[in-house]
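Here is the structure we will look at, set down as structure tokens.
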Amino acid sequence: MRSVICSRKHIANANSRRPAFSRPGRGVALFLSLVLLVSWTLTLSGCSGKKKKSVTLFACDTYVTLSCEGKDANRAINEASDLLMKMDAKLSRGNKDSEISKLNASSEKEPVTLSEDTYYLLSTAMKYSEKTAGRFDPTVAPLMDLWGFSTGYPHVPDSAQIQETVKNVDYRKVHLLSNRTAYVEPGVSVDLGGIGKGFIGDILMQKLRAFSLSEIILDLGGNICAWSSSSDLSIGVVSPLDTTKMCCTFTLSSSTVGTVITSGAYERFFEQDGVRYGHIMDTRNGFPSNTDMLSVTVIGADGTRGDAYSTALYALGSGEAKTLAMRDNIDCILCAENGTLWVSSSLKGKVHAQEGWTIEYFG
Amino acid sequence: MRKKDGQSNTSVKKLPPRNFRFSSGDVFIIGAIVLVCAILIGGIFFHRRAHQGDARYVRITQDGKVLLEMDLAEFSDPMEYRIDSERGHMIIFISSEKVYIKESSCTDKICVDQGDLTAPGDGAICLPNRVVVQIVSGGSEKDDPSGKVDVIAR
């Protein structure tokens, strides 16, 4: 509307028969009218509204999608992507030059010095191993290799080999020394994959919060880390029985950082002689964990903690999982075989079951 | 603005006559503005219509690079899209109704088990081949009928 008024005013000033462009006022009028017109229509069409950007990358052995909305979206996404790739290179066991590979090649006589991030994550992983009595254990990798979960050709290995390998699955065989140095005992191999995605999500979120953004949603291979300045976010939890559906949704209140991390054997498993073997190992006997649990979703502000506990709770089975969750104040959704969702009572009102699932609160 | 107006008035030193009539130049300016208006509004209208319709696109990416992005309506004749890379091969069936991964050289076949992809938001991922097959709508993904949630944890 403003543009129309403006052009009329200048037409009223047009008092001679001279061609329009010979007069500076006319040119300016035309130009200003067009500028106003364009800005008005752009506002109408919403093109000058919130900027949204998302990018999908391959990192941490999975797909990572970073999405941001707000003024700084472009810059934020670029810097976060760089940080993601850097962290992945540092923590990946598959990368021969990574700090984790160097740690796995270390010995008591030749400990390695780790960067601050890696040392912090390793010590945090050890802390959670202790708290979960080894149900979460960062040294489980050789067992995963033996079962073929890391190579892509899963199979049931020889039981003597399992016995031999499980001896080296023990977080107590990783030694943290002063001055950020550490070493592992012979045969022990550390893989921070079970906690690394949660940690990287936390670091990325911390970095992104410094930008002028209104919404941040990070999806690290299904681990969700989200925040929105003004609206509640609805986060679905995939159904372990049918991965095209959800078993429940969780409402994340606005201006709170929330991580939603699910562990379960419904995506990575294989069948041999009619028995189903999942990828989460029972570190006591070296076999895939076989409990009444289909999946465990841990919700909270700390993704590192959520990642470690979701694995541990899954391996425990619903009875012991409830006890551990209550003891350590973990907000979680335990998805049991009979269609029951055991939900921490602290999440009351925030978790909504989908059709076919019933919620029962505990704690 | 005011300064410029003042300048133009002093250069003419004459107020507009009362029986003012549009000159050819005035008509030209009005015409130009109306034309630009029409083009912009028309452009926005068509842009919105194109994005609001229920157009579904299939998007296939490998290693984050887009290999194919096409309107499903163009597949009234179904086709089989083949991917051959150093990681392995895949065959993706595409028709105007649905898309699914028909064959994959990967060992776990999780991608093949995903079945039919029909609605915007549906997707299948093959990690070994680093391939993502998605159905996306023309509009922003939040407007999808399947997008009752902002994101799904798995």
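A short reminder: the numbers here are calculations on the coordinates, not readings from a lab. Since the structure is predicted, the reported quantities are computational estimates derived from the model, not experimental observations. In this analysis, Cβ positions are derived from the backbone assuming ideal geometry, glycine residues included, and neighbour counts consider all displayed protein chains.
Listing for the model above:
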{"item": "Relative pair counts by distance (%), Cα atoms of region A:239-299, 10 Å bins", "result": "18, 43, 26, 11, 2"}
{"item": "Chain A, relative contact order [Cα under 8 Å, separation at least 6], %", "result": "14 percent"}
{"item": "Anchor residue A:173: aspartates and glutamates whose Cα lies under 18 Å away (excluding residues fewer than 8 positions away in-chain)", "result": "A:99, A:108, A:110, A:130, A:137, A:164, A:185, A:191, A:282"}
{"item": "Per-bin percent of Cα-Cα distances, region A:232-362 [10 Å]", "result": "13, 46, 33, 7, 1"}
{"item": "Shielding by other protein chains, A:141-152, mean Cβ within 10 Å", "result": "1"}
{"item": "Average beta-carbon neighbours from other chains, 10 Å sphere, peptide A:218-225", "result": "3"}
{"item": "Sequence of A:237, B:66 once ranked by neighbouring C-beta atoms within 10 Å, starting from the fewest", "result": "B:66, A:237"}
{"item": "Proxy reagent accessibility, fewest Cβ within 10 Å first, across A:149, A:136", "result": "A:149, A:136"}
{"item": "Listed residues A:118, A:283, A:56, most fluctuating in chain A (Gaussian network, C-alpha, under 10 Å)", "result": "A:56"}
{"item": "Chain A: angle of helix A:73-91 to the longest principal axis, Cα-based, in degrees nearest 10", "result": "20 degrees"}
{"item": "Cα-based convex hull, region A:94-184, per residue volume (Å³, whole number)", "result": "107 Å³"}
{"item": "Percentage relative contact order, region A:232-362, counting C-alpha pairs under 8 Å, at least six apart", "result": "23 percent"}
{"item": "Descending Cα extents along the principal axes, region A:70-229, whole Å", "result": "58, 39, 30"}
{"item": "Relative contact order of region A:94-184, pairs being alpha-carbon contacts under 8 Å that are 6 or more residues apart, as %", "result": "39 percent"}
{"item": "Isotropically averaged projected area of region B:56-138, using the convex hull of Cα atoms (one quarter of hull area), nm²", "result": "4.7 nm²"}
{"item": "Environment charge of residue A:244, counting only residues whose C-beta is closer than 13 Å and scoring Lys/Arg +1, Asp/Glu -1", "result": "-2"}
{"item": "Sites residue A:185 and residue B:34, calculated FRET efficiency, Cβ-Cβ separation with R0 60 Å, nearest 0.05", "result": "0.15"}
{"item": "Cα-based equivalent ellipsoid, chain A: semi-axes from gyration tensor eigenvalues, Å", "result": "53, 26, 17"}
{"item": "Per-residue mean of C-beta atoms belonging to partner chains within 10 Å, peptide B:114-127", "result": "2"}
{"item": "Net charge dipole size for region A:94-184 [Lys, Arg +1 and Asp, Glu -1 on Cβ; Debye, nearest 20]", "result": "220 debye"}
{"item": "Neighbour-count ranking [beta-carbon atoms within 10 angstrom, fewest first] of A:55, A:174", "result": "A:55, A:174"}
